[in-house]
Amino acid sequence: MYLSRYFVMFACLLLVSCRSKTSLVELEPTPTPQGPSVISNNPNAVIKSWEYISPRSEDALTSFPVRNSDAIGFGPDAYEAYIVWHEGGFDLIWGNFSCSTQPILIVEETTITLWLNDGIWDDCVAAEVIHAFKVKMETDIPIEEWAYILHQDAPPLS
């Protein structure tokens, strides 16, 4: 009888312990993806590598000093965003955005979408400066078939 009390007490403690651990695991938030990122959801457009050149980078102004005559502009008139195709990929350059510190570039079908994840912060040093993605990509989709979209907010979570 004496031993059965300890056994019941031990079983209850074990049960309570297991339940509290399970509830803690269920309450953990799902991690939010962080940018900058380049994602291809098109099997015919394979991203080989990419680089984000932030306004804080020493390469920001020297990499893209003037707008290329082959550049394809897109986005609202108040902002400047353009893409320059070259052998093996493209450069996507933008500026005049409040604070695009975690941009996400998504390739789907024949559309390249830039999500700026634009946020306004008191200490933002990325305002109205050059940002860029240098993307190396393998695809057989002709340049003329691509469309471009610019969103200032963040992409919806899937």
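The values are calculated or read from the model by the stated rules, or taken from the named source; none is laboratory data. Computed from a predicted structure; not experimentally measured. Each accessible area value is taken on the protein alone, full model and side chains, heavy atoms only, with ligands, DNA and RNA left out. Shrake-Rupley method; radii C 1.70, N 1.55, O 1.52, S 1.80 Å.
How much accessible surface area, in Å² rounded to 10, belongs to the heavy atoms of residue 146 with a 1.4 Å probe?
Ignoring ligands and nucleic acids, residue 146 comes out at about 20 Å².
Between residue 49 and residue 148, 0.36 nm times their residue separation minus their Cα-Cα distance comes to what?
Here the answer is 33.7 nm.
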